[in-house]
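Undergrad: Following this message is one structure expressed as structure tokens.
The values are calculated or read from the model by the stated rules, or taken from the named source; none is laboratory data. Model, not experiment: these values are computed from the prediction. We work out accessible area using only protein heavy atoms, side chains counted, and drop any ligands, DNA or RNA first. Shrake-Rupley method; radii C 1.70, N 1.55, O 1.52, S 1.80 Å.
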Amino acid sequence: MKTKLTWYGHATLGLETAGYKLLIDPFFSGNPAAAVNADQVEADYILITHGHGDHVGDTIKIAERTGAMAISNFEIAAWLDGQGVKKTHGQHLGGGFNHPFGYLKLTLALHGSALPDGSYGGNPAGFLLTTKDDLKIYIAGDTGLFGDMQLIGDEGIDLAVLPIGDNFTMGPDDALRAVKLIRPKHVIPIHFNTWDLISQDPKAWANRVEKETQTKVHVIKPGESFTLE
Ligand code: NI
Ligand code: MN
């Protein structure tokens, strides 16, 4: 079985696994780095890490068109329900659920989570997905470095997707420390070069990571994919 991850720019990801299409943090409209627009993507599930506009993005519009189920923390799931999203599933930090596409657990993230209209968005999260063929994918979400990444690493991570942009999230130095705690087989950097404020050199970061750890770095461009098997 193959699991294919596509980076659409910023923190927006597509994940194809076990025959399902997942979208994570679907921010297309107003995203200067977006590889496609919101009307072009398919989804069975939409996963949202936290309430900020660059992560909730086009969730409502895409859910309406595709009928996808939105999965997030309880507060965001309830807010989306109030916005007319028909299928939602709320979880919370540390809680996992066996969805048709795999077992999804919400992990800690150090960040904010206010929703675009100012509503309370609960606590921000990351996602730890165990696929149907037992691959472990950790999508950190927007976060600063935290020591419990070590515990996430203890689960045996095949692929980690980490922010490296700095200013709003970990920058390259802390993202390198995160790789040392998580010890993934593969890592993909995201949440950089969307705006000047988070401009980074991902190749330079990749060189540092591969020099100091056993992890393989995959620097992909918006619109490109990485296949894990
Ligand atoms: Ni954010
Ligand atoms: Mn963000």
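Undergrad: Quick one: Karplus J couplings for region 145-154, per residue in order, coefficients 6.51, -1.76, 1.60, θ = phi - 60°, nearest Hz, x for Gly and Pro?
TA: Each residue of region 145-154 in turn: 5, 9, x, 6, 4, 4, 5, 5, x, 4 Hz.
Undergrad: Hey, in the GNM for the chain with a 10 angstrom Cα cutoff, which one of Asn123, Asn98, Asn73 fluctuates hardest?
TA: Largest GNM mean-square fluctuation: Asn98.
Undergrad: While we're looking at this one, here's another question. Return the single residue from Val187, Val56, Val36 with maximal mean-square fluctuation; model: Gaussian network over the chain, springs between Cα atoms under 10 Å.
TA: Val36
Undergrad: Once the Cα gyration tensor of region 3-228 is diagonalised, what are the square roots of 5 times its eigenvalues, in whole Å and ordered largest first, as equivalent ellipsoid semi-axes? Don't skip to the answer; put the middle values down first.
TA: Values: eigenvalues 124, 69, 58 Å².
Each semi-axis is √(5λ); the values are 25, 19, 17 Å.
Undergrad: Helix 202-212: angle to the longest alpha-carbon principal axis of the chain, degrees 0 to 90, nearest 10?
TA: Relative to the chain, helix 202-212 is tipped by roughly 50 degrees.
Undergrad: Right, next: Can you give the direction-averaged projected area of the convex hull of the alpha-carbon atoms in region 130-229, in nm²?
TA: With the hull built on Cα positions only, its mean projection is 6.1 nm².
Undergrad: Determine the distance separating the Cα centre of region 186-202 from the Cα centre of region 160-180; give it in Å without decimals.
TA: Answer, in whole Å: 9.
Undergrad: Take every Cα pair under 8 Å in the chain that's 6+ residues apart, average their separations, divide by the length, and report that relative contact order as a whole percent.
TA: 18
Undergrad: On average, how much accessible surface per residue is there in region 79-203, in Å², for a 1.4 Å probe, leaving out ligands, DNA and RNA?
TA: Normalised by residue count, the accessible surface of region 79-203 is 42 Å².
Undergrad: What share of all Cα pairs of region 156-213, in percent, falls into each consecutive 5 Å distance bin?
TA: 4, 21, 33, 24, 12, 4, 0
Undergrad: Now, a different point. For region 70-102 and region 1-59, what is the separation of their Cα centres, given in Å?
TA: 16
Undergrad: Counting only protein heavy atoms and a 1.4 Å probe, tell me what percentage of region 3-228's accessible area is made up of carbon and sulfur.
TA: On the way: 4430 of 9190 Å².
C and S atoms contribute 48 percent here.
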